[in-house]
Amino acid sequence: MHEKQLNNDLFQPAVRSSDDAEKITKESTSFWQDARRRLFENKGAVAGLIIIVAILLLAFLGPLFSHNGFDDQDTSRTNLPPRVPVLEKVGFLGLDGVDIRGVDQYKMKNQKDNYYWFGTDALGRDQFVRVWKGTQISLYIAFLAAAIDMVLGVAYGAISGYYGGRTDNIMQRIIEILIGIPNLIVVILMILILDPGILSITFAMVITGWTTMARIVRGQILKLKTQEYVLASVTLGAKSSRILTKHMFPNILGSIIITSMFTIPSAIFTEAFLSFIGLGISPPTASLGSLVNEGFKSLQIYPHLVLYPAVIISLIMISFNLLGDGLRDALDPKMRK
């Protein structure tokens, strides 16, 4: 094969001005804009976010689709299987009002003109309304736990880490004592003092639920307070409140958000577990855990009483974990491409 001889005709000088060398070819984005872009590029996080929004909408709008209240009882419609308009014609979905024995319960109980999308329970209460009302309470407890973390945990951890020394030692010993007490013991003690319900669970979370957030925030503050820009602010006479709010909190906000995202499914699981063992929400008020507990007693005969609340619990926990993973990756500068 003939090889070309190198000569000056094969080369051309590159014409490049100093202005072109300093020209910005990529759009300038802030940290939060870049984090949002990376979050929406994560398919799992987007799927989790869509599921969360859908469940929130159904939790508050779902009960409006029915004329029944969550505690309305009618013994003439007890233990009806799910029945949904249009979908009742698709046999394999099991939404035609026929139970596992092949009996049309709606026809047998003279309810042919009624539709109960999630069926009814042993007292004839509309399970569709009770499931979404229970979702409201479970989400309330979950977001309450996150709010307690944001207020108590962040404040406690910031004060402990920033001031250090004897203050830090005393505050950390208090946290170690609280962590050493099992959370279930604290809940049982609250129930002995108060009645089982939202109030007792709330007090239990106020006592011990914020300790993880406090330790995470303390560790971040200890790392940041030795940075040059913080030392420069101290040298210039900035007050502690300004250093914490202007320099430290913006830099640990990502850790706070991520920890809160993982707190929510943990709180939902805790509430469901307590309600399942009878230490949570008391009837007739419903939560997802109490609905699973009620339906578990007749699982083999009426599986729809367990199926729907269990699926919603699973979807909430999975979606918040997916969103938390996506936020962790989006807010981590080391993951930036």
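Structure data summary
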| read-out | value |
| --- | --- |
| Count of the range 127-180 residues which are open to solvent by 40 Å² or more (accessible area, probe 1.4 Å) and touching a Pro at 6+ places or on another chain (Cβ under 8 Å) | 1 |
| Leading residue by the ranking (nearest to the chain's Cα centre (by Cα)) among those in the range 86-106 that are among the small types (Gly, Ala, Ser) and farther than 13 Å from residue 117 by Cβ | 91 |
| Search result, residues across the range 202-217 that are polar (S, T, N, Q) and closer than 14 Å to residue 177 by Cβ | 208, 211 |
| Search result, residues across the range 327-337 that are farther than 11 Å from residue 257 by Cβ and either modelled with pLDDT of 75 or more or part of a helix (DSSP H, G or I) (or both) | 329, 333, 334, 335 |
| Residue ID - surrounded by the most Cβ atoms within 10 Å (Cβ to Cβ), chosen from residues in the range 51-79 that are in contact with a Lys or Arg (Cβ under 7 Å, 6 or more places away or on another chain) and more than 18 Å from residue 285 (Cα to Cα) | 77 |
| Entirely in the range 184-237, the helices (runs of 4 or more DSSP H) that have 1 or more residues that are charged (D, E, K, R) and surrounded by fewer than 20 Cβ atoms within 10 Å (Cβ to Cβ) | 211-224, 228-235 |
| Filter result for residue 96 (among the acidic types (Asp, Glu) and in contact (Cβ under 8 Å) with a residue 60 or more places away in the chain) | no |
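The values are calculated or read from the model by the stated rules, or taken from the named source; none is laboratory data. What you see is a predicted model; the values in this text were computed from it and never measured. Note that we place each Cβ from the backbone using ideal geometry, even for glycine, and neighbour counts take in every protein chain shown. To get the accessible areas, we keep the full protein, side chains included, count just its heavy atoms, and leave off ligands, DNA and RNA. Shrake-Rupley method; radii C 1.70, N 1.55, O 1.52, S 1.80 Å.
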